[in-house]
Amino acid sequence: MERKGPVSALIDDFNEREKKLLELNDKYLRAAADLDNYRKLMQKEMQNYRLTVKAEFFHRVIPVLDSFSHAINNAEVSPDGFGNFVQGIDIIYRQLKEALQFLGMEEFSGIGEIFDPSRHEAVAMIESEGHAENMIVDEISRGYKIGDRIIKPAKVIVSKPKEEGGINDAENNRD
């Protein structure tokens, strides 16, 4: 058995550590490359997913465009153009609603509910004795959502308490 001096032992230890460092550096570079490849793959898959969703949307909406075209062309030719046109527009409206519902969009109303700023947009407030404060009494346009995500809040009119102290009340209180 060969006996090594302290310098030889340090050189051997240094060489072993250098070899281990090179191995770890190689593993690090491979892991970084794998992570970069994974990131690129996920970006490509996300792009493909978005294209698939868009294609599904257009697949459902294009028949509605065709129906609009058909309704416009028939309204010009038909002697009772306006009546047929209105009937055609009603059919197209229902067709579009069905297509959007199939894709996950839900319509919602707010009438009779307490005003919720996360679901409703108040466009006016009216005094009302028959409704509680902040109750939705009318709707300008419906709201739309997908799952729990609000796409467009419902535009609503909200009740407020009747204000006391109007002109007649002020005159009566002067005495």
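The values are calculated or read from the model by the stated rules, or taken from the named source; none is laboratory data. Fair warning: this is a prediction, and the values are worked out from it, not measured in the lab. Positions of Cβ are generated from backbone atoms using ideal geometry, with glycine treated the same way; all protein chains shown enter the neighbour counts.
Numbers below:
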item: Output for the range 126-149, where each listed residue is loosely packed, with under 15 Cβ neighbours inside 10 Å and more than 27 Å from MET105 (Cα to Cα); result: ILE126, GLU127, GLU129, GLY130, ALA132, GLU133
item: PHE58 being surrounded by 10 or more Cβ atoms within 10 Å (Cβ to Cβ), touching a residue at least 12 places away in the same chain (Cβ under 8 Å) and not basic (Lys, Arg); result: no
item: Some residue of the range 103-125 being of a type in the set (Ser, Thr, Tyr), in a loop (DSSP other than H, G, I, E, B) and over 28 Å from LYS54 (Cα atoms); result: no
item: Among the residues listed as PHE102, PHE108, PHE115, the single one being within 24 Å of the chain's Cα centre (by Cα), within 30 Å of ASP138 (Cα to Cα) and surrounded by fewer than 12 Cβ atoms within 10 Å (Cβ to Cβ); result: PHE102
item: When residues of the range 54-94 are limited to those that are under 26 Å from GLU107 (Cβ atoms) and of a type in the set (Ser, Thr, Tyr), the one modelled with the lowest pLDDT; result: SER69
